[in-house]
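Notes follow once the structure below has been shown.
The values are calculated or read from the model by the stated rules, or taken from the named source; none is laboratory data. As the structure is a prediction and not an experimental result, all values here were calculated from the model. Cβ coordinates were reconstructed from backbone atoms using ideal geometry, including for glycine residues, and neighbour counts include every protein chain displayed. The area values use the complete protein model at the heavy-atom level, side chains included, leaving out ligands, DNA and RNA. Shrake-Rupley method; radii C 1.70, N 1.55, O 1.52, S 1.80 Å.
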Amino acid sequence: MDIPTRNIAKYVRDKGINVTKLSKSTGIPYMALYDSLLNSERNRDLRLGEALSVCAFLEVDPRDFAEQRQEVAT
């Protein structure tokens, strides 16, 4: 599982977020969220659009779930 998905999953578990409500609010299928956030045997990464939708629902910055920020070279 990638680092952002692992961090989002921990946040959802720690905060006791209802995955059914999360699914209904974001339009992401329940089983996709369950396999990404709660089912350790599936090891499914959230897709970018899914992660952004989850973060919008949680009202958190998606960058907060990255292990470290990378500087963009200009």
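Taking the range 3-48 as the range and being open to solvent by 90 Å² or more (accessible area, probe 1.4 Å), charged (D, E, K, R) and within 21 Å of residue 67 (Cβ to Cβ) as the test, the residues that pass are 6, 10, 13, 14, 15, 47. Note on the chain: enclosed helices (runs of 4 or more DSSP H) holding 1 or more residues that are in contact with an Asp or Glu (Cβ under 9 Å, 6 or more places away or on another chain), in contact (Cβ under 8 Å) with a residue 40 or more places away in the chain and among the aromatic types (Phe, Trp, Tyr) are 3-15.
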